[in-house]
Amino acid sequence: MKKKTIATLALAIAAIIASWTAIHSARMDKERKPMLNKSTPILHVKSVEPSVKFWTERFGFHKTIEVPEGDHLGFVALENGGIEIMLQTYSGMQADPSNPLAKAVEQGPSFLFMEVPDIKATEQALKGAEIVQPIHDTFYGSKEIVVKEPGGHFVIFAQMPTAK
């Protein structure tokens, strides 16, 4: 009888542990679900139009959203495949002085890191642009070229090493 009681107790404990593990695992799976759907940089610029030209003519982006600001563009969303970039004027961001970001917008340029499949093709697309650093090899194995786009932001284009 004692063996039967011990076996029953062991089975009950095993069932409790299995239930707890399943509940905990379900909770962990729920907690691991992504909380973000997308990340899009907003580049603040003095004038939107020169940056639109840079991204559309050199890299095939197209406008998905366009918001006028007086006689010029105040905001534009650009897209190419799954990549999106937004451009907004400094004056548009500063239009509401109570906006806590109104002063932060002028604190400096942004830096974008963009992976490309062919650094030489990227170099050709950048002909005539302000090259900050020509194609170079990095210590982590990528080939990169750095450009300053017309809005004053730095873009690092990188061809990552292929897996061997």
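Since every read-out is calculated from the coordinates, none of them should be taken as a lab result. Worth saying up front: this structure is predicted, and the values here are computed from it rather than measured. Please note: Cβ atoms are built from the backbone with ideal geometry, for glycine as well, and neighbour counts cover all protein chains shown.
Taking every DSSP beta bridge with both residues inside the range 109-164, roughly what % is antiparallel (nearest 5)?
Details: 11 of 16 bridges.
Antiparallel bridges make up about 70 percent of those DSSP assigns within the range 109-164.
Counting other Cβ atoms within 10 Å, which chymotrypsin sites (Phe, Trp or Tyr not before Pro) in the range 101-164 have at most 14 and lie in a DSSP loop? Walk me through the intermediate numbers first.
Values: sites: 111, 113, 139, 140, 154, 157; in loops: 139, 140.
Passing sites in the range 101-164 are 139, 140.
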Amide H contacts of residue 116 (H built 1.01 Å from N, under 5 Å, at least 5 apart or other chain): 158, 159, 160
Spacing of the two label points (7 Å from each Cα toward its C-beta) at residue 91 and residue 133, in nm: 3.5
Quick check: Cα centre of the range 41-68 to Cα centre of the range 108-164, how many Å? 18
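Using the 10 angstrom Cβ neighbour count as an exposure proxy, how do 49, 144, 57 rank, fewest first?
Values: 49 13, 144 20, 57 10.
Arranged by neighbour count, lowest to highest, 49, 144, 57 become 57, 49, 144.
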Can you list the residues, at least 5 places off or on another chain, whose amide H is less than 5 Å from the amide H of residue 69, using H built in the peptide plane? 74
Cut-off 17 Å, label 7 Å out along Cα→Cβ of residue 39, residues of the range 130-153 by amide N: none
What list of ³J(HN,Hα) couplings, whole Hz, do you get for the range 84-91 from phi and the Karplus terms 6.51, -1.76, 1.60, once you set θ to phi - 60° and write x for glycine and proline? 10, 9, 10, 10, 9, 6, 4, 4
Entries of 53/148; 46/127; 46/103; 38/103; 46/148; 53/120 with Cα pairs more than 18 Å apart: 46/127; 38/103; 53/120
Kindly work out what percent of the DSSP beta bridges joining two residues of the range 38-164 are antiparallel, to the nearest 5. 75
I need 101, 78, 36, 43 ordered by Cβ neighbour count within 10 Å, fewest first. 36, 101, 43, 78
Using θ = phi - 60° and Karplus 6.51 cos²θ - 1.76 cosθ + 1.60, couplings along the range 155-164 (whole Hz; Gly, Pro as x): 10, 9, 9, 10, 9, 6, x, 7, 6, 9
Grab the Cα-Cα distance for residue 80 and residue 56, subtract it from 0.36 nm times how many residues apart they are, and report the gain in nm with one decimal. 7.7 nm
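Could you work out the relative contact order of the range 109-164? I mean the mean sequence separation of Cα pairs under 8 Å and 6+ apart, divided by the number of residues, in percent.
On the way: 101 pairs, mean separation 23.9, N = 56.
The normalised contact order for the range 109-164 reaches 43 percent.
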